[in-house]
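Right, one structure below, let's go through it.
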Amino acid sequence: MLITGHREIADNIFELKLQGDMAAEVSQPGQFVHIRVSGSDSITPLLRRPISICSVDKKEKELTLIYRRSGLGTERMARAEKGSRLDALGPLGHGFPVPQEDAGSALIVGGGVGVPPLYGLSRELVKKGFRVTHVLGFRSAKDVFYEQEFATLGQTIILTEDGTSGQKGLVTDVLDGLNYEAAFACGPLPMLKAVKNKVTGRPLYISLEQRMGCGIGACLACVVRASDTNDGKGYRRVCCDGPVFKAEEVELC
Amino acid sequence: MLEVHLPGLDLKNPVMPASGCFAFGAEYGRLYDLSKLGAIIIKAATLEPRFGNPTPRVAETPGGMLNAIGLQNPGADKIISQELPRLADYDVPIIANIAGSEMSDYVATAKKLSENPVVKALELNISCPNVKHGGIMFGTVPEVAAELTAKVKAVSKKPVYVKLSPNVTDIVAMAEAVEAAGADGLSMINTLLGMRIDLKTQKPVLANKTGGLSGPAIKPVAIRMVYEVSQKVKIPIIGMGGIQNADDVIEYFLAGASAVAIGTANFVDPFVCPKIIEQLPKKLEALHVTDINELVGRSWRPCVKKNASSLR
Ligand SMILES: Cc1cc2nc3c(=O)[nH]c(=O)nc-3n(C[C@H](O)[C@H](O)[C@H](O)COP(=O)(O)OP(=O)(O)OC[C@H]3O[C@@H](n4cnc5c(N)ncnc54)[C@H](O)[C@@H]3O)c2cc1C
Ligand SMILES: Cc1cc2nc3c(=O)[nH]c(=O)nc-3n(C[C@H](O)[C@H](O)[C@H](O)COP(=O)(O)O)c2cc1C
Ligand code: FES
């Protein structure tokens, strides 16, 4: 896909815009693309990198991704220039289900680079008439991104671990007083576990991360255990059965 | 030009996805017509279902990857009832990869799968580094490998290819032992045992600690082994390890392979198998080769002088 935009929007956090026919195939917020960072003639890094689709603009055929520069692959990715091409496979996986009727109120909980796919989700929910509350956690003020973008969609509570932006604390500190009928979360595993404990009696959808090989369901690198011990298969593949699951469907460990 | 005939396998071309890297074909079948492939080696089958190892199950390495999937599979019966019927719709021979912890598991699994009409050959996986029990002895002790091969041959209705482990000091001794025990062919190589340690946690990256190394990084090891073994055995070799493009396929043929399998490269480019199949004829033309079988073992066969023009 053609890189139509690429900029650093927070400390080591990049917003990447990709244009191509794939945009038309995106069916749900929370799907991801599998990016070959190395280019076709290099074997380093060998494997593709999974990155969530943050939002899609079907008219412009454009995807927006947001990623953190951390290791070898994202380091390379950060050097890709506007106007060049990136080999992206997708859209992959099953994302967040957006209820078709019964618009109501939704809670969105995100942590760090788990936040990006929730932006596309919130846009879809708001379009369907939902009232959306966002609770977004970051480490520090320099890590915060898309605060304004979320704020235009609904109430947005920002938390940082050190209190340098928004409230000081963790996302789970503020969930108790909130009203909502369904919840959606993406972020580090400890956060997802804590959110699962707080959100009871209402549907909760979570997006998981797992190291991947193929990204399309063939290698079984990315499995998680199914919660139901009588489940026929006993496992789910994050890449194609997920990355989004109903919280009670899978074991979080 | 690309047709290859091996025991039990009439292949329209010599390129097949390697076991464990293609599951049972359903996922890649959504991307392209599986009938283009020479054959498909399906994911290892064990007698009973297996869940496999905890995650992380994969780790990247320079030019390669480690995996410790742990032979996760739904068990032979489910593979027969749920996966094989779907594969029958394609015009492509299926090779069933078989694993176990005890000789009796292997024998029972081999019997079941070889009786299925969709399965055209067995690949006996005596080399999986990722299971705690069994696996390793079968793949490293020539006498044990030979005994297992003979037992499986005795019950199998289809030709048996034995998949060798590179984690041995003398690969030729292993190959000769299983050939003498009746193997119809060899597959080589399986993954090399390896490890990565995370600098942050200071612990192995893989939950299983060790895993099998695959990808371009292992190709020279595999080429050397195919080169050595092909000179000592009469049975054909399916070569694998690090194949990424048509040139790599030709290198394997030159080393002594009669067909090839592609694993890790499917993860990097899901279309790699059909792409290579499409590129091979041009590559062969450039080498003035009209039949890919002519290349088998050319790196060690006594030089047949060609006319001077080919020496340009
Ligand atoms: C479905 C899914 C969606 C994701 N969406 C985003 C996103 O929108 N933004 C973002 O910043 N990150 C996202 N991630 C995490 C992202 O994939 C990793 O940060 C990235 O792969 C790290 O690559 P690297 O080369 O920089 O790190 P390295 O440490 O060099 O990577 C080494 C290997 O480990 C894998 N790996 C390392 N960390 C992770 C991880 N957290 N999850 C999965 N694999 C990992 C890499 O893919 C690679 O194979 C997502 C992960 C998944 C599974
Ligand atoms: C994720 C993964 C799973 C594998 N599973 C199996 C398996 O079930 N049975 C088997 O015989 N080999 C298995 N292998 C080994 C491959 O079939 C092949 O021998 C090896 O990866 C070398 O080829 P490559 O470098 O092209 O990947 C697996 C390899 C990988 C990477
Ligand atoms: S990454 Fe291969 S099955 Fe999910």
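Of note:
- Helical runs assigned H by DSSP (4 residues or longer) give the protein assembly as shown a calculated mean residue ellipticity at 222 nm of -6000 deg cm²/dmol, each run adding -39500 (n - 2.57) before division by the residue total.
- Förster radius 51 Å - calculated FRET efficiency between residue B:81 and residue B:293, Cβ distance, rounded to 0.05: 0.85
- When both bridge partners sit in chain A, DSSP labels roughly 55% of those beta bridges antiparallel.
- Helix B:272-286 axis, angle to chain B major axis (alpha carbon atoms, nearest 10°): 20 degrees
- Around residue A:214: net Lys/Arg minus Asp/Glu count, Cβ-Cβ under 9 Å: 0
- In chain B, the longest principal axis of the Cα atoms and the axis of helix B:103-114 are about 60 degrees apart.
- When restricted to Cα atoms, the range A:210-253 yields an Rg and a Dmax of 9.9, 28 Å, respectively.
- Calculated on alpha-carbon atoms, Rg and Dmax of the range A:61-132 in Å: 15.5, 45
- For the protein assembly as shown, Kirkwood radius (reciprocal of mean inverse C-alpha pair distance, Å): 25.2 Å
- Rounded tilt (10° steps) of B:219-230 against the dominant C-alpha axis of chain B: 70 degrees
- Links that overshoot a 18 Å alpha carbon limit, given the list B:36/B:112; B:12/B:282; B:43/B:120; B:120/B:275; B:36/B:111: B:36/B:112; B:120/B:275; B:36/B:111
- Set the Cα radius of gyration of chain B against 2.2 N^0.38 Å, with N its number of residues, and you get 0.95.
- Candidates per chymotrypsin sites (Phe, Trp or Tyr not before Pro) in the range A:113-191, loop by DSSP, up to 14 other Cβ within 10 Å: none
- Seen from every direction in turn and averaged, the convex hull around the alpha carbons of the range A:101-205 projects onto 5.9 nm².
- Computed magnitude of the charge dipole of the range A:2-92 (debye, nearest 20; Cβ of K, R +1, Cβ of D, E -1): 100 debye
- Modelled spin-label separation between residue A:164 and residue A:2, with each label point placed 7 Å from Cα along the Cα-to-Cβ direction: 3.8 nm.
- Distance in nm between pseudo-label sites at residue A:25 and residue A:101 (7 Å out along the Cβ direction from Cα): 3.2 nm
- Of all aspartates and glutamates in the structure, those lying under 19 Å Cα to Cα from residue B:158, and not within fewer than 8 positions of it along the same chain, are B:10, B:77, B:83, B:91, B:105, B:115, B:123, B:147, B:179, B:184.
- Residue pairs, from the table A:142/A:246; B:219/B:283; A:82/B:203; A:17/A:233, whose Cα atoms sit over 28 Å apart: A:142/A:246; A:82/B:203; A:17/A:233
- Antiparallel DSSP beta bridges within chain B, as percent of all bridges there, nearest 5: 40 percent
- Figure legend: label point modelled 7 angstrom from the Cα of residue A:69 along Cα→Cβ; no residues of the range A:89-121 have amide N under 11 Å from it.
- Dividing the convex hull volume of the alpha-carbon atoms in the range B:164-264 by its residue count gives 106 Å³ per residue.
- Percent RCO, i.e. relative contact order, over chain A, from Cα pairs under 8 Å lying at least 6 residues apart: 17 percent
- Per residue, the average separation of C-alpha pairs within less than 8 Å and at least 6 apart gives the range A:29-84 a relative contact order of 29 percent.
- When A:198, B:232 are arranged by Cβ crowding within 10 Å, least crowded first, meaning fewest neighbours, the order is B:232, A:198.
Readers should treat all values here as calculations from the given coordinates under stated rules, not as data from a laboratory. All values derive from a computational prediction rather than experimental measurement. With ideal geometry, Cβ positions are generated from the backbone for all residues, glycine too; neighbour counts draw on all protein chains shown.
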